[in-house]
1. If you check Arg94, Arg52, Arg82, Arg77, which single one turns out to be open to solvent by less than 60 Å² (accessible area, probe 1.4 Å), over 28 Å from Leu167 (Cβ atoms) and out of contact with any Cys (no Cβ under 8 Å at 6 or more places or on another chain)?
2. Being of a type in the set (Gly, Ala, Ser) and more than 12 Å from Ala233 (Cα to Cα) is the filter here, so list the residues in the range 46-59 that pass it.
3. Might you let me know whether the range 50-65 holds any residue that is of a type in the set (D, E, K, R) and part of a helix (DSSP H, G or I)?
4. Scan the range 177-198 residue by residue and report those that are assigned to a strand (DSSP E or B), under 16 Å from Ile71 (Cα atoms) and charged (D, E, K, R).
5. Here's a check for you: in the range 33-59, which residue that is among the hydrophobic types (A, V, I, L, M, F, W, C) and at pLDDT 95 or above is farthest from Pro199 (Cα to Cα)?
6. Determine if the range 142-151 includes at least one residue that is among the aromatic types (Phe, Trp, Tyr) and more than 14 Å from Glu90 (Cβ to Cβ).
7. For the range 14-30, name all the residues that are in contact with a helix residue (DSSP H, G or I) (Cβ under 8 Å, 6 or more places away or on another chain) and either open to solvent by 20 Å² or more (accessible area, probe 1.4 Å) or farther than 13 Å from Arg77 by Cα (or both).
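The values are calculated or read from the model by the stated rules, or taken from the named source; none is laboratory data. Keep in mind it's a predicted model, so treat the numbers as computed, not measured. A quick note on method: Cβ atoms are made from the backbone with ideal geometry, for glycine too, and the neighbour counts reach across all protein chains shown. Just the protein is used for accessible areas: all its heavy atoms, side chains included, with ligands, DNA and RNA removed. Shrake-Rupley method; radii C 1.70, N 1.55, O 1.52, S 1.80 Å.
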Amino acid sequence: MARRKLVYEGKAKTLYEGPEPGTLVQYFKDDATAGNGEKRDIIDGKGVLNNRLSEFFMTGLGNIGVPTHFIKRLNMREQLIRAVEIVPLEVVVRNVAAGSICPRLGIEEGTQMPRPIVEFYYKNDDLNDPIVSEEHIIAFGWAAQQDLDDMVSLALRVNDFMSGLMLGVGIKLVDFKIEIGRIYDGDFMRLIVADEISPDSCRLWDIETGRKLDKDVFRRDLGDLADAYTEVARRLGIMPQGSSGATKPTLIN
């Protein structure tokens, strides 16, 4: 087999040159990181689960008209995606107070937000991805005002879809982050959802018990991360209901 050209390697995913111009192969790793990479571990099966979960969410978004970079799943760890120019921002939507907003604003974890709150963070590991305002974004040329309006619209559409989907399986969508990419057709540019949507990038709580089913399990040493992700996949019908454990998950094709 010919060696593939490495394009980019991140904490949880690796990108390779795709088979056609304008495409990439996204490989999901088993690496788990927290605290901007300060805490690390290898969680067997995590990459398989995130590949399938992100496929599920991206496909669902596409079905309701939300544009994404996802083209198709190639195998248990890889998917074919559109190559995009990533906007250097993380877009976070918060429905319930958790994570950094709590100490920043003195809000108790679990407090319901009065409405979904959209925040922007500058993607820079050396600066620990600082929160930035729309004024910063426009002034430094990371995105134009129309881009920001479109990004907020995309993020809220993702929130509506994901909130309803999770509610139907007894899970509360607390918050999530997405990345946005630019694609070009001649002089025309449009924004699409990129990167991934998975329990790595969402906070998911069981509605009845409050059990965390996301990367906070790893961040806070709350149990087995693979079991938490497996539970999400099982509830969504991606895994058989009778399956147990996720070291070598058996996923439905």
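1. Every option except Arg77 fails the conditions.
2. Step one: list which residues in the range 46-59 are of a type in the set (Gly, Ala, Ser), which gives 47, 54.
The one that is of a type in the set (Gly, Ala, Ser) and more than 12 Å from Ala233 (Cα to Cα): Gly47.
3. Checked against the condition, which is being of a type in the set (D, E, K, R) and part of a helix (DSSP H, G or I), the range 50-65 yields at least one hit.
4. Residue satisfying the conditions is Arg182 alone.
5. Among residues in the range 33-59 that are among the hydrophobic types (A, V, I, L, M, F, W, C) and at pLDDT 95 or above, the one farthest from Pro199 (Cα to Cα) is Ile42.
6. Keep residues of the range 142-151 that are among the aromatic types (Phe, Trp, Tyr), which gives 142.
From what's left, more than 14 Å from Glu90 (Cβ to Cβ): none.
Checked against the condition, which is being among the aromatic types (Phe, Trp, Tyr) and more than 14 Å from Glu90 (Cβ to Cβ), the range 142-151 yields no hits at all.
7. Correct list: Tyr27, Lys29, Asp30.
So that you can scan it fast, the table gives a plain yes or no per residue for (1) out of contact with any helix residue (DSSP H, G or I) (no Cβ under 7 Å at 6 or more places or on another chain); (2) closer than 21 Å to Thr59 by Cα; (3) in contact (Cβ under 8 Å) with a residue 12 or more places away in the chain:
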site	(1), (2), (3)
Asp149	yes, no, no
Asn159	yes, yes, yes
Asp185	yes, no, no
Ser201	yes, yes, yes
Val217	no, no, no
